[in-house]
Amino acid sequence: MIPLVYDQINRWGKDDEFFLSLLNKINVKKIADVGCGTGRLTTHFAKAGYQVTAIDPNEEAIEYAKSKKYQDEVTWIVGDSTNLQTNAFDAVIMTANVAQVFLTEDSWKKTISDAFRALKTGGHFIFDTRNPLAKPWEQWEKDKTPEVAMDQLSGEPLEVWTEYEGFVEDIFTFYETVKNVRTDEVVIHEKMQLKFRTQEEIHESLQKVGFSQIQAYGDWEIKQATVETKSFIFHGVK
Ligand SMILES: C[S@@+](CC[C@H](N)C(=O)[O-])C[C@H]1O[C@@H](n2cnc3c(N)ncnc32)[C@H](O)[C@@H]1O
(Lines give C-alpha, C1' and ligand atoms only; values in the text may rest on other atoms or scores of the structure.)
Protein backbone atom coordinates (compact mmCIF):
# COMPACT_ATOMS: atom_id res chain seq x y z
CA MET A 1 0.00 0.00 0.00
CA ILE A 2 1.51 3.29 -1.11
CA PRO A 3 -0.74 6.03 0.31
CA LEU A 4 0.82 8.67 -1.99
CA VAL A 5 -0.79 7.06 -5.06
CA TYR A 6 -3.23 4.44 -3.71
CA ASP A 7 -6.51 6.31 -4.28
CA GLN A 8 -5.39 7.49 -7.70
CA ILE A 9 -4.74 3.97 -8.97
CA ASN A 10 -7.65 2.31 -7.13
CA ARG A 11 -10.70 4.14 -8.40
CA TRP A 12 -14.27 3.71 -7.16
CA GLY A 13 -15.81 0.59 -8.67
CA LYS A 14 -18.57 -2.01 -8.58
CA ASP A 15 -16.87 -3.71 -5.63
CA ASP A 16 -17.31 -0.55 -3.56
CA GLU A 17 -20.96 -0.23 -4.62
CA PHE A 18 -21.47 -3.88 -3.71
CA PHE A 19 -20.13 -3.47 -0.16
CA LEU A 20 -22.35 -0.42 0.40
CA SER A 21 -25.47 -2.18 -0.90
CA LEU A 22 -24.75 -5.37 1.08
CA LEU A 23 -24.39 -3.38 4.31
CA ASN A 24 -27.62 -1.58 3.51
CA LYS A 25 -29.38 -4.90 2.91
CA ILE A 26 -28.38 -6.48 6.23
CA ASN A 27 -29.43 -3.43 8.21
CA VAL A 28 -26.46 -2.76 10.51
CA LYS A 29 -25.37 0.30 12.44
CA LYS A 30 -22.00 -0.09 14.12
CA ILE A 31 -19.25 -1.38 11.84
CA ALA A 32 -15.50 -2.01 11.95
CA ASP A 33 -13.46 -1.52 8.77
CA VAL A 34 -10.30 -3.63 9.24
CA GLY A 35 -7.42 -2.74 6.87
CA CYS A 36 -9.14 0.54 5.99
CA GLY A 37 -5.99 1.94 4.32
CA THR A 38 -6.48 5.52 3.10
CA GLY A 39 -10.16 5.41 4.07
CA ARG A 40 -11.09 5.23 0.38
CA LEU A 41 -14.30 3.38 1.25
CA THR A 42 -14.45 4.11 5.00
CA THR A 43 -15.53 7.72 4.62
CA HIS A 44 -18.36 6.56 2.31
CA PHE A 45 -19.54 4.24 5.10
CA ALA A 46 -19.56 7.25 7.45
CA LYS A 47 -21.39 9.35 4.84
CA ALA A 48 -24.02 6.59 4.56
CA GLY A 49 -24.68 6.99 8.29
CA TYR A 50 -22.81 4.02 9.79
CA GLN A 51 -20.94 4.39 13.05
CA VAL A 52 -17.47 3.38 11.85
CA THR A 53 -14.28 2.26 13.61
CA ALA A 54 -11.47 2.00 11.05
CA ILE A 55 -8.19 0.20 11.70
CA ASP A 56 -4.97 -0.09 9.71
CA PRO A 57 -1.31 -0.61 10.70
CA ASN A 58 -0.16 1.91 8.07
CA GLU A 59 0.09 5.21 9.96
CA GLU A 60 0.68 7.25 6.81
CA ALA A 61 -2.50 5.82 5.25
CA ILE A 62 -4.53 6.75 8.33
CA GLU A 63 -3.07 10.29 8.28
CA TYR A 64 -4.10 10.58 4.64
CA ALA A 65 -7.59 9.28 5.49
CA LYS A 66 -7.91 12.01 8.10
CA SER A 67 -7.74 14.67 5.39
CA LYS A 68 -11.00 13.44 3.83
CA LYS A 69 -14.55 14.64 4.10
CA TYR A 70 -16.58 12.78 6.78
CA GLN A 71 -13.32 11.69 8.48
CA ASP A 72 -14.38 13.29 11.77
CA GLU A 73 -17.31 10.85 11.96
CA VAL A 74 -14.91 7.87 11.99
CA THR A 75 -12.89 6.48 14.93
CA TRP A 76 -9.43 5.86 13.39
CA ILE A 77 -7.00 3.40 14.97
CA VAL A 78 -3.43 2.67 13.86
CA GLY A 79 -3.28 -1.05 14.60
CA ASP A 80 -4.80 -4.34 13.59
CA SER A 81 -7.65 -6.68 14.53
CA THR A 82 -6.16 -7.03 18.04
CA ASN A 83 -7.47 -3.50 18.68
CA LEU A 84 -11.10 -4.44 18.01
CA GLN A 85 -13.42 -4.13 21.00
CA THR A 86 -15.20 -7.34 22.09
CA ASN A 87 -18.94 -7.90 21.34
CA ALA A 88 -19.14 -4.40 19.97
CA PHE A 89 -20.02 -4.43 16.24
CA ASP A 90 -22.95 -5.35 13.99
CA ALA A 91 -20.53 -5.92 11.10
CA VAL A 92 -16.79 -6.32 10.55
CA ILE A 93 -15.73 -5.62 6.99
CA MET A 94 -12.42 -5.97 5.09
CA THR A 95 -12.45 -4.49 1.58
CA ALA A 96 -10.17 -4.56 -1.48
CA ASN A 97 -8.60 -7.95 -0.74
CA VAL A 98 -7.28 -7.15 2.74
CA ALA A 99 -7.81 -10.88 3.43
CA GLN A 100 -4.83 -11.60 1.17
CA VAL A 101 -2.30 -9.60 3.22
CA PHE A 102 -2.31 -12.28 5.94
CA LEU A 103 0.49 -14.48 4.68
CA THR A 104 0.64 -17.03 7.47
CA GLU A 105 -2.09 -19.32 8.75
CA ASP A 106 -1.52 -17.96 12.26
CA SER A 107 -2.10 -14.34 11.22
CA TRP A 108 -5.20 -15.31 9.21
CA LYS A 109 -6.67 -17.33 12.10
CA LYS A 110 -5.91 -14.51 14.53
CA THR A 111 -7.66 -11.94 12.32
CA ILE A 112 -10.82 -13.97 11.76
CA SER A 113 -10.95 -14.97 15.45
CA ASP A 114 -10.67 -11.30 16.40
CA ALA A 115 -13.47 -10.46 13.94
CA PHE A 116 -15.64 -13.15 15.57
CA ARG A 117 -14.81 -11.85 19.04
CA ALA A 118 -15.57 -8.25 18.01
CA LEU A 119 -19.02 -9.02 16.64
CA LYS A 120 -22.23 -9.02 18.63
CA THR A 121 -24.22 -12.26 18.37
CA GLY A 122 -25.89 -12.21 14.95
CA GLY A 123 -23.23 -9.82 13.62
CA HIS A 124 -21.86 -10.08 10.07
CA PHE A 125 -18.31 -10.65 8.82
CA ILE A 126 -17.85 -9.56 5.19
CA PHE A 127 -14.72 -9.52 3.03
CA ASP A 128 -13.53 -10.08 -0.52
CA THR A 129 -10.62 -12.14 -1.80
CA ARG A 130 -9.45 -13.24 -5.25
CA ASN A 131 -10.10 -16.75 -6.55
CA PRO A 132 -6.76 -18.51 -7.25
CA LEU A 133 -8.54 -20.72 -9.83
CA ALA A 134 -9.19 -17.58 -11.95
CA LYS A 135 -5.40 -16.91 -12.04
CA PRO A 136 -5.67 -13.09 -12.00
CA TRP A 137 -1.86 -12.75 -12.08
CA GLU A 138 -1.82 -13.96 -15.71
CA GLN A 139 -3.71 -10.82 -16.70
CA TRP A 140 -1.60 -8.55 -14.43
CA GLU A 141 1.64 -9.83 -15.95
CA LYS A 142 0.48 -8.98 -19.48
CA ASP A 143 -0.04 -5.32 -18.65
CA LYS A 144 3.33 -3.58 -19.11
CA THR A 145 2.13 0.04 -18.95
CA PRO A 146 2.62 2.16 -15.84
CA GLU A 147 -0.24 3.84 -13.98
CA VAL A 148 -0.22 7.60 -14.08
CA ALA A 149 -0.55 9.61 -10.87
CA MET A 150 0.43 12.93 -9.32
CA ASP A 151 2.01 14.04 -6.06
CA GLN A 152 -0.99 15.87 -4.58
CA LEU A 153 1.20 18.22 -2.54
CA SER A 154 3.89 19.22 -5.05
CA GLY A 155 1.94 18.61 -8.25
CA GLU A 156 4.86 16.53 -9.62
CA PRO A 157 3.86 13.95 -12.27
CA LEU A 158 4.34 10.32 -11.17
CA GLU A 159 4.30 6.88 -12.74
CA VAL A 160 3.66 3.64 -10.88
CA TRP A 161 5.47 0.62 -12.35
CA THR A 162 4.75 -2.94 -11.24
CA GLU A 163 7.16 -5.86 -11.56
CA TYR A 164 5.93 -9.36 -10.87
CA GLU A 165 8.21 -11.90 -9.23
CA GLY A 166 5.62 -14.68 -9.05
CA PHE A 167 4.78 -17.47 -6.63
CA VAL A 168 6.61 -19.31 -3.92
CA GLU A 169 4.00 -21.86 -2.87
CA ASP A 170 0.76 -19.85 -2.65
CA ILE A 171 2.33 -16.47 -1.89
CA PHE A 172 2.60 -14.10 -4.84
CA THR A 173 5.29 -11.39 -4.74
CA PHE A 174 5.44 -8.18 -6.74
CA TYR A 175 7.08 -4.77 -6.48
CA GLU A 176 5.63 -1.31 -7.00
CA THR A 177 7.93 1.55 -7.95
CA VAL A 178 6.77 5.16 -7.96
CA LYS A 179 8.87 7.36 -10.22
CA ASN A 180 8.90 11.11 -10.66
CA VAL A 181 8.36 11.47 -14.42
CA ARG A 182 10.07 14.86 -14.59
CA THR A 183 13.28 13.95 -12.72
CA ASP A 184 13.26 10.16 -13.28
CA GLU A 185 13.88 9.78 -9.53
CA VAL A 186 12.53 6.68 -7.75
CA VAL A 187 10.29 8.07 -5.03
CA ILE A 188 9.14 4.77 -3.49
CA HIS A 189 9.97 1.13 -4.16
CA GLU A 190 7.86 -1.35 -2.20
CA LYS A 191 7.68 -5.13 -2.00
CA MET A 192 4.14 -6.51 -1.81
CA GLN A 193 2.94 -10.02 -1.12
CA LEU A 194 -0.44 -11.68 -1.44
CA LYS A 195 -1.60 -15.03 -0.15
CA PHE A 196 -4.06 -16.94 -2.34
CA ARG A 197 -6.45 -19.22 -0.45
CA THR A 198 -9.07 -21.42 -2.07
CA GLN A 199 -12.79 -21.02 -1.46
CA GLU A 200 -12.77 -24.28 0.53
CA GLU A 201 -9.83 -23.23 2.72
CA ILE A 202 -11.52 -19.95 3.61
CA HIS A 203 -14.89 -21.55 4.24
CA GLU A 204 -13.34 -24.13 6.56
CA SER A 205 -11.31 -21.52 8.47
CA LEU A 206 -14.43 -19.41 9.06
CA GLN A 207 -16.38 -22.45 10.25
CA LYS A 208 -13.57 -23.39 12.65
CA VAL A 209 -13.66 -20.04 14.47
CA GLY A 210 -17.45 -20.31 14.85
CA PHE A 211 -19.07 -18.47 11.92
CA SER A 212 -22.30 -19.91 10.53
CA GLN A 213 -24.50 -19.21 7.46
CA ILE A 214 -21.26 -18.81 5.49
CA GLN A 215 -21.81 -17.73 1.90
CA ALA A 216 -19.43 -16.91 -0.93
CA TYR A 217 -20.95 -14.57 -3.49
CA GLY A 218 -19.25 -14.25 -6.86
CA ASP A 219 -18.10 -11.15 -8.71
CA TRP A 220 -20.14 -8.46 -7.03
CA GLU A 221 -23.59 -9.98 -7.27
CA ILE A 222 -25.67 -11.65 -4.56
CA LYS A 223 -25.35 -15.03 -6.18
CA GLN A 224 -23.34 -18.11 -5.39
CA ALA A 225 -19.68 -18.06 -6.46
CA THR A 226 -18.53 -20.62 -9.06
CA VAL A 227 -15.06 -21.97 -9.96
CA GLU A 228 -14.84 -19.21 -12.62
CA THR A 229 -15.61 -16.39 -10.20
CA LYS A 230 -12.78 -13.83 -10.11
CA SER A 231 -13.58 -12.44 -6.66
CA PHE A 232 -15.28 -14.14 -3.75
CA ILE A 233 -17.21 -12.05 -1.30
CA PHE A 234 -17.50 -14.04 1.91
CA HIS A 235 -20.30 -13.38 4.36
CA GLY A 236 -20.56 -15.21 7.66
CA VAL A 237 -22.70 -14.66 10.75
CA LYS A 238 -21.70 -14.96 14.44
C1 LIG B 1 -5.31 -3.29 -0.63
S2 LIG B 1 -5.32 -2.30 0.80
C3 LIG B 1 -7.06 -2.10 1.07
C4 LIG B 1 -7.42 -0.77 1.69
C5 LIG B 1 -8.90 -0.47 1.86
N6 LIG B 1 -9.61 -1.51 2.57
C7 LIG B 1 -9.60 -0.17 0.55
O8 LIG B 1 -10.73 -0.64 0.33
O9 LIG B 1 -9.06 0.61 -0.23
C10 LIG B 1 -4.81 -3.45 2.04
C11 LIG B 1 -4.67 -2.82 3.41
O12 LIG B 1 -4.40 -3.85 4.38
C13 LIG B 1 -3.59 -3.25 5.38
N14 LIG B 1 -2.95 -4.24 6.25
C15 LIG B 1 -1.71 -4.79 6.12
N16 LIG B 1 -1.47 -5.61 7.17
C17 LIG B 1 -2.58 -5.58 7.95
C18 LIG B 1 -2.94 -6.19 9.19
N19 LIG B 1 -2.12 -7.03 9.81
N20 LIG B 1 -4.14 -5.91 9.72
C21 LIG B 1 -5.01 -5.08 9.09
N22 LIG B 1 -4.72 -4.46 7.92
C23 LIG B 1 -3.52 -4.71 7.35
C24 LIG B 1 -2.61 -2.40 4.57
O25 LIG B 1 -1.95 -1.44 5.36
C26 LIG B 1 -3.54 -1.81 3.52
O27 LIG B 1 -4.04 -0.57 3.92
*Which strands (runs of 3 or more DSSP E) does the range 129-238 wholly contain that include 2 or more residues that are farther than 19 Å from residue 93 by Cα?*
147-150, 157-168, 171-180, 186-195
_Within the range 14-112, considering only strands (runs of 3 or more DSSP E) that don't extend past its boundaries, which have at least 2 residues that are within 24 Å of residue 221 (Cα to Cα), within 13 Å of the ligand (Cβ to nearest atom) and of a type outside the set (Ser, Thr, Tyr)?_
30-34, 89-94
*Of all residues in the range 125-135, which are in contact with a Lys or Arg (Cβ under 8 Å, 6 or more places away or on another chain) and within 15 Å of residue 23 (Cβ to Cβ)?*
125
_Check on residue 177, under 30 Å from residue 158 (Cα atoms) and either surrounded by 13 or more Cβ atoms within 10 Å (Cβ to Cβ) or hydrophobic (A, V, I, L, M, F, W, C) (or both)_ = yes
_Selected residue [at negative phi and at pLDDT below 95] from 141, 105_ = 141
*Residue by residue through the range 69-104, note down the ones that are over 18 Å from the mean Cα position of the chain (by Cα), farther than 21 Å from residue 38 by Cβ and surrounded by fewer than 18 Cβ atoms within 10 Å (Cβ to Cβ).*
85, 86, 87, 88
*Identify all residues within the range 113-128 that are part of a helix (DSSP H, G or I) and within 17 Å of the chain's Cα centre (by Cα); write none if there are none.*
114, 115
_So residue 129, is it within 13 Å of the ligand (Cβ to nearest atom), modelled with pLDDT of 95 or more, under 26 Å from residue 54 (Cα atoms) and not hydrophobic (A, V, I, L, M, F, W, C)_ = yes
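The values are calculated or read from the model by the stated rules, or taken from the named source; none is laboratory data. All values reported here derive from a predicted model rather than from experimental measurement. Quick reminder, even Gly has a Cβ in these numbers, built from the backbone with ideal geometry, and neighbours come from all protein chains shown.
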